[in-house]
Amino acid sequence: MRIQFLGAAGEVTGSRHSVEAQLGGRPVRFMVDFGMFQGGREATTKNLEPLPFSAKEIDFVVLTHAHIDHSGLLPRLCAQGFTGPIYCTGATFELLKILLPDSAHLQRSDVERAERRQKAGKWRGDLPVALYSLEEVELALGQCEVLEYGKSLQLSDGIDLEFQNAGHILGSAIAIIDITEDGASKKRCVFSGDIGMKGKLLMPDPAIISHADVLVVESTYGDRLHKSMDETESEFIEVVTRTMSAHGNIVIPAFAVGRTQEILFLLIDLVRRNLLPHLSVWVDSPMATAATHLTQHFFTQLDRESQVTLEWFKKNPGAVDLRFIADVEESKALNKLKGGAIIISASGMCDAGRILHHLQSNLPRAQNAIVITGFQAYGSLGRRLVDKATKVRLFGEEVPVRASIHTIGGLSAHADQAGLLGWLRGFQSPPKSVFVVHGEPEASAVLAEAIRTELEWKNVAVPERLHTHSC
C-alpha cells in the first residue's frame with residue numbers, strides 16, 4: 001500500500017491524500033479529501049496544477065468534512081473525469097450543498113470584478129481564475145453518498161470504511177479504513193481529518209480510536225497550546241466591553257461553517273450568564289446563515305451545554321438582537337454603522353467575501369476592534385493583520401490599519417498540542433507508521449518530535465508534498 005501526500009503537507013490547506021492498494025488482482029486508488037489550497041498566489045498555482053495521475057483512475061473519495069480546504073476542489077475533480085462515489089456523513093453532505101455553490105459563486109464574482117477593473121485600467125497583474133462552475137458543483141454533489149457515524153460500509157472487496165465523530169465542525173469525521181491487500185493481512189488506516197478541541201463549544205469531544213496500523217494526523221496547532229476557555233471568555237468580554245464603551249464596532253472574520261456558530265453561541269451564553277449586556281449582532285454571510293439554521297437542524301449532534309444555551313435563547317429571543325443579512329444592499333448599509341455593532345462575516349481568512357467591505361470601512365477607525373478567532377494561513381490578509389500590518393490593500397486601494405487587532409485562540413476548532421497528544425494517547429498501541437500533516441513546517445515538526453519523545457512512538461514522519469510513502 002502506498003500513500004501520496006498531494007496537499008496539506010508542510011502547510012495547512014489543500015488537504016488531499018492518494019491511497020493505492022492491490023486488490024483483486026488490480027490496483028485500486030482512492031482519495032482522502034480533495035481540498036483547495038488557500039492563501040496567496042502560490043495557492044492559485046497549486047489549485048491549477050494537474051494531478052500526477054488521471055482523475056479517471058480514482059475509484060472513490062473519502063471526505064472527512066466540509067471545510068473548503070478539505071472539500072473545495074471536488075467539483076474540479078469531477079469535471080476532470082472522476083465519476084466514483086464521494087463518501088461523507090449526512091451533515092457534511094448538507095454543508096457541501098451550502099459551501100460548494102458559494103465557493104463557485106465567489107470565484108465567478110472575483111473574475112467579473114477583476115475584468116471590470118481591468119477595463120477601467122485599475123487592475124494590475126494576472127486575472128483570477130474560476131476553478132469550477134455551479135454546473136460542476138452539481139455534478140460533485142450528485143456523486144456524494146452518505147455514511148453516518150458508527151456504521152461500517154464495504155467500499156469494495158478488501159476495503160471497509162467507518163466514520164467516527166472528530167468533534168471539529170458539524171459532520172466532521174475521523175475516517176477508519178480497513179484494507180486487506182492481496183496476499184496480506186488487514187491494515188487499519190486512520191485519517192484524523194481535523195481533530196476538535198476537547199470541551200470546546202458546540203461539538204462533542206473527538207472519538208477515541210483504539211487501534212491503527214497507519215495513522216495520518218493533523219498538526220495545525222501542533223506547536224502551541226490554546227488559552228483556556230475561561231481565559232478566552234475573559235479576553236472576549238474585555239474586547240466587547242471596551243469597544244462598546246468607545247462607541248466602536250467589532251468586526252469578526254469567521255468561517256461560515258463552525259466558527260460563526262461558535263461565536264454566536266458564545267455571545268448568547270455570555271449574555272445568558274449576565275457577563276455581557278444586551279448585544280446587537282449582525283451575521284453578514286448568506287452561507288453562515290444557512291449553516292446556522294443547519295446547526296439547529298442537527299441539534300442532537302451538539303454538546304449538552306450548547307443545547308441548553310440554544311433552548312434558553314429560544315425562550316429569550318430579545319436578549320441578543322441577532323440579525324441575519326440576506327442581500328447585498330443590506331450588507332452595504334452595515335458600513336454606515338459607526339458604533340455599537342458586532343459584525344460577523346466570511347471569509348475567515350479575510351481573502352474573499354463580504355468581510356473585505358467591512359474591513360475597508362472599519363480598519364481606519366481607532367475605536368473599532370477586529371477580532372481574529374481562527375487560523376490564518378501564510379499569505380492571507382488575515383495573517384497580515386495578525387502580523388501587525390500598518391496598512392493593507394483592499395479593492396486596489398491602500399487602507400490604514402488603525403483599529404485594534406485581537407487574536408483570541410481559545411475558540412479554535414482545532415485541538416492544540418496537548419489536545420492532539422491526548423487524543424493520540426487513546427491508541428492502545430503505537431501505529432506502525434505515523435504521518436504528521438496539515439500544519440506549517442514548524443508545527444508539524446514540533447508535534448512529530450513530541451509524539452516521539454512523549455509517547456515514545458517510532459516511525460513518525462512529516463511527509464513532503466507530492467512524496468509517496470509505502471506502508
A correct Karplus calculation of ³J(HN,Hα) over segment 272-280, with 6.51 cos²θ - 1.76 cosθ + 1.60, θ = phi - 60°, whole Hz and x for Gly and Pro, returns 4, 8, 6, 9, 9, x, 3, 10, 10
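Using only Cα atoms, figure out Rg for segment 172-237 and give it as a multiple of 2.2 N^0.38 Å.
Normalised Rg, Cα atoms only: 1.54.
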Calculate for the chain the 222 nm mean residue ellipticity that helices alone would give, adding -39,500 (n - 2.57) per DSSP H run of length 4 or more and normalising by residue count, nearest 500 deg cm²/dmol. -10000 deg cm²/dmol
What value in Å³ per residue do you get for the convex hull of the alpha-carbon atoms in the chain? 134 Å³
Unsatisfied cross-links (Cα-Cα over 20 Å) in the set LYS46/LYS187; LYS186/LYS432; LYS198/LYS227; LYS187/LYS458: LYS46/LYS187
Long-range amide H partners of ARG402 with built H, under 5 Å: ARG365
Rounded to whole Hz and in sequence order, give me ³J(HN,Hα) for segment 311-319 from the Karplus expression 6.51 cos²θ - 1.76 cosθ + 1.60, θ = phi - 60°, writing x for Gly and Pro. 4, 4, 5, 4, 8, 10, x, x, 5
If you line up the long axis of helix 441-454 against the longest principal axis of the chain, both from Cα atoms, how many degrees apart are they, to the nearest 10? 60 degrees
How far is the Cα center of segment 175-229 from the Cα center of segment 2-81, in Å? 19 Å
With DSSP loop assignment and no more than 11 other C-beta atoms within 10 Å, the trypsin sites (Lys or Arg not before Pro) in segment 260-317 are ARG273
Scan around ILE174 for amide H atoms under 5 Å from its own, H built in the peptide plane at 1.01 Å from N, and keep only partners 5 or more places away or cross-chain. GLN164, ASN165, ALA166
Cα-based Kirkwood hydrodynamic radius, segment 1-86, one decimal, Å: 13.0 Å
By accessible area of protein heavy atoms, probe 1.4 Å, what ranking do MET31, MET287 get, highest first? MET287, MET31
Rule-of-thumb check for segment 20-168: C-alpha Rg over 2.2 N^0.38 Å? 1.17
State the Cα centre-to-centre distance between segment 335-366 and segment 251-301 in whole Å. 17 Å
I'd like the accessible area for PHE395, computed on protein heavy atoms only with a 1.4 Å probe and all protein chains in place. Round to 10 Å², please. 50 Å²
Can you compute 3J(HN,Hα) from phi for each residue in segment 381-398, using the Karplus curve 6.51 cos²θ - 1.76 cosθ + 1.60 with θ = phi - 60°, rounded to whole Hz and x for Gly and Pro? 4, x, 5, 5, 5, 4, 7, 6, 4, 8, 8, 9, 9, 10, 6, x, 10, 7
Of all stretches in the chain that avoid GluC sites (Glu not before Pro) placed in a DSSP loop and having at most 16 other Cβ atoms within 10 Å, the longest is 182-455
Name the long-range amide H neighbours of GLU181: under 5 Å, sequence gap of 5 or more, or other chain; modelled H, no Pro or chain starts. LYS187
Could you give me D for segment 145-192, from Stokes-Einstein at 20 °C and 1.002 mPa s, where the hydrodynamic radius is the Kirkwood radius over C-alpha pairs? Units µm² s⁻¹, please. 188 µm²/s
Kirkwood hydrodynamic radius of segment 321-414 from all distinct Cα pairs, in Å? 13.9 Å
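Could you work out the mean projected area of the convex hull around the alpha carbons of segment 367-410, in square nanometres to one decimal?
Values: hull surface 13.3 nm².
Its average projected convex-hull area is 3.3 nm².
The values are calculated or read from the model by the stated rules, or taken from the named source; none is laboratory data. On a predicted model such as this, the values are computed, not experimentally measured, just so you know. Every residue, glycine as well, gets a Cβ built from its backbone with ideal geometry; the counts of neighbours run over all protein chains shown. Only protein heavy atoms, including side chains, enter the accessible area calculation; ligands, DNA and RNA are left aside. Shrake-Rupley method; radii C 1.70, N 1.55, O 1.52, S 1.80 Å.
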